[in-house]
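A quick write-up on the structure given underneath.
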Amino acid sequence: MKPVPAPHSPLLSVVIIGRNEGERLTRCLESVQAMRDPGGEVEIIYVDSASSDDSATRAQALGARVIEVRPERPSAALGRNAGWLKAKGEFVLFLDGDTVLHADFVADSLSEFVDSKVAVVWGHRREIHPRQSLFNRVLDLDWIYPLGPSEFCGGDAIMRRSALESVNGYDASLIAGEEPEMCQRFRALGYSILHVDRPMTGHDLAMTRWRSYWRRSFRTGHAYAEVSHRLKDGPFPLWVSESRRNFINASVLLAVLSGSAGLAAAAPSLWPLLLAPAFIAALSARTAWKTRWKAPNSAATMLLYGIHSHIQQIPIACGQLAWAWDRWRSRERGLIEYK
């Protein structure tokens, strides 16, 4: 498939954002070029956010139109806006540069837009290398959501251009949570977000370090706090209860950990140190059972996912506190990268 030549108006614009993606970007672009014919012309746009590698050159070599943005405060929202505002397609497929597009997703999904109220269609995003690390293994399950109408989508999705125009696109002041926030503005106008049961993209998380895991969860907490604060009084409040629950859960975990350590120090025994692991294990087993539909054939993976679901509450709470502290000081935080 070749990029659409001017002056034709394409059916689909593919907007890929990236920063220092390297070989991952080449793989992403090649997957877009290899997708099944969606029934009309396709243009490919790559938005580069101040990469220090050869990402822009790679994209140009593969026929993509390259837009380079170098803002003082880069964000995914700013990059996506830069792309779709230059796009000409009736529909816009947004991708991250570290993803691989499934060949049939677009061709099989455009028919969902027959319903004029559908603004967004998204499918399954899964990790390409889930066994590369324990982090990849458990975070792969974070991409699994219930099917049907949903409150929001992730970064990879097909969107109706007219819907994007109606809400003026992404809020570029957000450094995380930009898609969920915009989806609530879609819903306020009567649009729907549809999660379909078909593979969409493979994602290359490439997470092998605790520091990366912490920063990713910290960013999640920042997004929860900021987006829930903005939407709490709107027609579709989002993440308000989740933000409160996450903070309470983190507080309980820290209290149990510190209490266990304190008892061990006060008593002539190390047995109290087992209280915290036993408490976390019980909570994790309960969560693993409740969410077993995500990986029904792997009890070990589900147990790891249960542990992750509770351990991540601590960096999430730290992200929430960081947002509150920044807001109190009237300060804007920069991009939170974890790779």
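The values are calculated or read from the model by the stated rules, or taken from the named source; none is laboratory data. Keep in mind it's a predicted model, so treat the numbers as computed, not measured. Note: ideal-geometry Cβ built from the backbone for every residue, glycine included; neighbour counts use all protein chains shown.
Which residue, of Ile128, Ile144, is surrounded by fewer than 18 Cβ atoms within 10 Å (Cβ to Cβ), closer than 24 Å to Thr208 by Cα and of a type in the set (A, V, I, L, M, F, W, C)?
Ile144
If I filter segment 281-339 down to residues being polar (S, T, N, Q) and outside any loop (DSSP other than H, G, I, E, B), which single residue comes out as nearest to Leu134 (Cα to Cα)? Can you show your working first?
To start, the set of residues in segment 281-339 that are polar (S, T, N, Q) comprises 284, 287, 291, 297-298, 301, 309, 312-313, 320, 330.
Then keep just the ones that are outside any loop (DSSP other than H, G, I, E, B); that gives 284, 287, 301, 309, 313, 320.
Details: Ser284: 16, Thr287: 18, Thr301: 9, Ser309: 13, Gln313: 17, Gln320: 25 Å.
Selected residue: Thr301.
Quick check on my filter: what residues within segment 282-339 are among the polar types (S, T, N, Q) and either closer than 22 Å to Arg211 by Cα or under 23 Å from the mean Cα position of the chain (by Cα) (or both)?
Ser284, Thr287, Thr291, Thr301, Ser309, Gln312, Gln313, Gln320
Considering segment 19-52 alone, what residues qualify as being modelled with pLDDT of 90 or more and of a type in the set (Gly, Ala, Ser)?
Ser31, Ala34, Gly39, Gly40
Could you tell me whether segment 194-208 includes any residue that is at negative phi, modelled with pLDDT of 95 or more, of a type in the set (Asp, Glu) and surrounded by fewer than 17 Cβ atoms within 10 Å (Cβ to Cβ)?
Within segment 194-208, one or more residues are at negative phi, modelled with pLDDT of 95 or more, of a type in the set (Asp, Glu) and surrounded by fewer than 17 Cβ atoms within 10 Å (Cβ to Cβ).
Take the residues of segment 61-70 that are in a loop (DSSP other than H, G, I, E, B) and not aliphatic (A, V, I, L, M): which is modelled with the highest pLDDT?
Only one residue tops the list, namely Gly63.
For the structure I just gave you, tell me whether Leu205 is under 30 Å from Glu43 (Cα atoms) and in contact with a Gly (Cβ under 8 Å, 6 or more places away or on another chain).
So Leu205 does not fit the description; no.
Specify which of the listed residues (Arg58, Arg80, Arg73) is in a helix (DSSP H, G or I) and modelled with pLDDT under 95.
After applying the criteria, what remains is Arg58.
What do you reckon, is Val120 in contact (Cβ under 8 Å) with a residue 12 or more places away in the chain, at negative phi and surrounded by fewer than 22 Cβ atoms within 10 Å (Cβ to Cβ)?
When the stated conditions are applied, Val120 does not pass them.
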